[in-house]
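Asker: Structure in structure tokens, see below.
The values are calculated or read from the model by the stated rules, or taken from the named source; none is laboratory data. As the structure is a prediction and not an experimental result, all values here were calculated from the model. We place every Cβ from the backbone using ideal geometry, glycine too, and count neighbours over all the protein chains shown. Only protein heavy atoms, including side chains, enter the accessible area calculation; ligands, DNA and RNA are left aside. Shrake-Rupley method; radii C 1.70, N 1.55, O 1.52, S 1.80 Å.
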Amino acid sequence: LGAVMILLGASLLGGVMALVVLAFAGRAARREVARNLLATAATGELNLPPPSELPRPRGVPFGVALSSVAAAYLAYRWR
């Protein structure tokens, strides 16, 4: 049950982190995200390059969310 809770919490935190990054992104980046979402809704497929070809600064590292939630969960369980 702990692993499920950690994954759920990390998914939520990762989504919030992505929204924060998007909020601080430039207008062109927000337009690109909107274009990708509309194309995905229309075709049902998200055509993006492989992760190795994406520029590093644009990503939101899921490991940060995962380790943060795992540490909080462990601290809660050990107190």
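Asker: Could you give every pair whose Cβ atoms fall below 6 Å, whose first residue belongs to segment 4-22 and is under 20 Å from residue 32 (Cβ atoms), and whose second residue is open to solvent by less than 70 Å² (accessible area, probe 1.4 Å) and not in a helix (DSSP H, G or I), counting only separations of at least 6 or pairs across chains?
Answerer: Close Cβ pairs satisfying both conditions: 17/60; 18/60; 21/60.
Asker: Among the listed residues 34, 65, 71, which satisfies the condition of being touching a Gly at 6+ places or on another chain (Cβ under 6 Å), part of a helix (DSSP H, G or I) and surrounded by 10 or more Cβ atoms within 10 Å (Cβ to Cβ)?
Answerer: 65
Asker: To continue, here is another question. Given the conditions (1) farther than 30 Å from residue 77 by Cα; (2) part of a loop (DSSP other than H, G, I, E, B), report the number of the one that residue 22 does not fulfil.
Answerer: The number of the failed condition is (2).
Asker: Quick one: in segment 37-62, which of the residues that are modelled with pLDDT of 85 or more and not in a helix (DSSP H, G or I) is least open to solvent (accessible area, probe 1.4 Å)?
Answerer: Top of the filtered list is 44.
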